[in-house]
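The values are calculated or read from the model by the stated rules, or taken from the named source; none is laboratory data. Every value quoted in this text rests on a predicted model; they were computed, and no experiment measured them. Cβ placement follows ideal geometry from the backbone for every residue including glycine, while neighbour counts extend to all protein chains displayed.
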Amino acid sequence: MIQDWLLTPFTANAFLLNALLAGVLVSIACGIIGTFVVLRGLAFIGDALAHGVLPGVAVAMLLGLPGMVGAAVGALAMIFGIGFITRRSNLSSDTAIGLLFVGMLALGVAIVSRSQAFSGDLVRILFGEILGIRASELAIQLAATLVIAILARICYRPFLLLCFSPEQAEVSGFPPRRYHAVMLGLIALTVVVSFRTVGTLLVFGMLLAPAASAALFSRKVTTMILSASGIGTFSVYAGLLASYHFNIAAGAAITLAASAIFFILLSARQLFPRDAARGAAR
Amino acid sequence: MSAVSASGLCVGYQGETVVADIGFTLEPGRVLALVGSNGSGKTTLLKTVAGLLPPVSGALEVLGARPLARPGKVAYMGQFHPSSFMLPLRARDVVRMARFAAHGLFGRLTAKDERAVREAMAVMGVLDLAEAPLNALSGGQRQRVFLAQAFAREAELILLDEPAANLDAGARDTYRRQLRQLTAAGRSVIVATHDIDEAAACDATMLLAHRVVAYGPSAEVLTQSALLSTFGMVGKYQEGGIVIVEREHGHDDCGGSH
């Protein structure tokens, strides 16, 4: 009976199993990259990247190209935009990046509004279409997740040093600018391959929530990455199950589960401060 | 080969000079103290030697090459690590980072590296804290971990910014003993400090107040008049506290910040 409730939805529906697999891949990519986003305080840049993808996807759709190509172009444009702003602007970069990202969001909506099926397309881009994932898309996601995992493994030392102190990275022979750029590229790649699954609006939640949850109890960065991936995976499973049984939007249910886990863990830490002091990450 | 040699060196931020016309040579096995108040330019000079800031002008050689040319041979400990407090790192992980410079992206850390890490932690008395999360340590313990990180590099040149800040008397003695051991082994050290006692124990001292006030053997440099131009006042310890014995008249140009 319980098994019917917990497992059968996935064994009986191929689309739900595909969704679960896609979600697991997104969780792994987001667990790895989200950890560094959280530790380096890049949440806002991650958010901006996620939104910057929208006009790219919109243009790709108008031209009949794959959305992922448009997303990649949008993310690249956003990286250059953020880089330019951080170097040139006298404004606080928060302000400038904030403006850039609402600008891109507005541009995306403006472009989509020219197409015929405006609202449907917009909802699909913003909230993803995890229940419509095809096998070919799974293959692309698998490849991207592998690339992310391998590059993060290669750059683990400079990434760790960047989290600790960019000065230590520099004096250790790892130029901070170069590895910051690699990190932004990996955030962009994560966003690009995840947007089909959870959408440009919600991918940010998957990037941040599991890693933030893991930060609450992890003592090592590797533990944090593994825990974040695990928490993300569980959120995907729980979200899909909730979506199936209670008929709610899948992408939203997944992100909701991930956020709920964070707040539950945070409350638990407040309630049991002694345990937290032993394993705290903040 | 000198560990560091500078001539006509101007240091500063983004092309703006903080201290001009610096000239000094640091030989292997020697300790140089950079002494000055906050904003006097000692951190700027230290960062320039570390390669974190480009020289505004002038010549600077570190271990016979440009700064940053040999990252495995130079250790640097900055004044604070603002982002490091929320990191899920154990004390040991922090010290192990010192060994990355020698191995780049791919080289494996060996038993020799682990030994260097253990020894540096033992010297600074933090071996028993090895498994403790960084954020659970007190300010003084953290400072000892950061010093252990600098020593674990086994570098030929060690650059330390306010290393004795936050250290209690015992830890300060340990740190000074370690400096003597390192210099006896031929390592060179530059220490930025505003502690005159610490400078007096170094081979040479450079007094900075947006300019080089004096530079030479510590015993000759640390005179009352030179300290007066550096800090704007000179105090001495009398029963019950510090007494200002002399104050520079109308002085106002060495407490600036940038």
Considering (1) assigned to a helix (DSSP H, G or I); (2) in contact with a helix residue (DSSP H, G or I) (Cβ under 8 Å, 6 or more places away or on another chain); (3) crowded, with 20+ Cβ neighbours inside 10 Å; (4) hydroxyl-bearing (Ser, Thr, Tyr), say which one residue B:230 fails and leave the rest. (2)
I'm checking my understanding of the structure. Among residues of segment A:123-139 that are touching a helix residue (DSSP H, G or I) at 6+ places or on another chain (Cβ under 8 Å) and of a type in the set (Val, Ile, Thr), which one is surrounded by the most Cβ atoms within 10 Å (Cβ to Cβ)? A:130
Out of segment A:24-64, which residues are within 14 Å of another protein chain (Cβ to nearest Cβ), under 23 Å from residue A:102 (Cα atoms) and buried (at least 24 other Cβ atoms within 10 Å of the Cβ)? A:34, A:37, A:38
Here's a check for you: in segment A:141-155, which residue that is surrounded by 17 or more Cβ atoms within 10 Å (Cβ to Cβ) and over 16 Å from the mean Cα position of the chain (by Cα) is farthest from the other protein chains (Cβ to nearest Cβ)? A:151
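With the condition being over 16 Å from the mean Cα position of the chain (by Cα) and free of Cβ contacts under 8 Å to residues at least 60 places away in the same chain, I'd like the helices (runs of 4 or more DSSP H) fully within segment B:144-226 carrying at least 1 qualifying residues. Please lay out each step first, then the result.
On the way: elements: B:169-184, B:196-200, B:218-221.
Correct list: B:169-184, B:218-221.
Being of a type outside the set (A, V, I, L, M, F, W, C) and free of Cβ contacts under 8 Å to residues at least 12 places away in the same chain is the filter; apply it to segment A:244-267 and report the residue that is surrounded by the most Cβ atoms within 10 Å (Cβ to Cβ).
If we filter segment A:244-267 for residues that are of a type outside the set (A, V, I, L, M, F, W, C), which is where we start, we get A:244-245, A:247, A:251, A:255, A:259, A:267.
Applying the additional criterion that residues be free of Cβ contacts under 8 Å to residues at least 12 places away in the same chain yields A:247, A:267.
Working: A:247: 7, A:267: 10.
Result: A:267.
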Extreme residue, farthest from the other protein chains (Cβ to nearest Cβ), among residues of segment B:72-91 that are surrounded by fewer than 21 Cβ atoms within 10 Å (Cβ to Cβ) and assigned to a helix (DSSP H, G or I): B:73
Only one of these is modelled with pLDDT under 90 and more than 18 Å from residue A:132 (Cβ to Cβ): A:12, A:50, A:29. Name it. A:50
Test residue B:108 against the criterion of being surrounded by fewer than 21 Cβ atoms within 10 Å (Cβ to Cβ), in contact (Cβ under 8 Å) with a residue 12 or more places away in the chain and under 17 Å from residue A:160 (Cα atoms), and give yes or no. no
Read through the list (1) in contact (Cβ under 8 Å) with a residue 60 or more places away in the chain; (2) part of a helix (DSSP H, G or I), then give the number of the only condition that residue A:168 fails. (1)
Quick one: what pairs do we get from segment B:54-81, first residue of a type in the set (S, T, N, Q), second surrounded by 20 or more Cβ atoms within 10 Å (Cβ to Cβ), C-beta under 8 Å, 6+ apart or different chains? B:57/B:9; B:79/B:43; B:79/B:161; B:79/B:162
Could we say that residue B:95 is more than 13 Å from every other protein chain (Cβ to nearest Cβ), assigned to a helix (DSSP H, G or I) and under 26 Å from residue B:168 (Cα atoms) here? no
Among (1) among the basic types (Lys, Arg); (2) farther than 30 Å from residue B:125 by Cα; (3) in contact with an Asp or Glu (Cβ under 8 Å, 6 or more places away or on another chain), the one test that residue B:66 misses: (3)
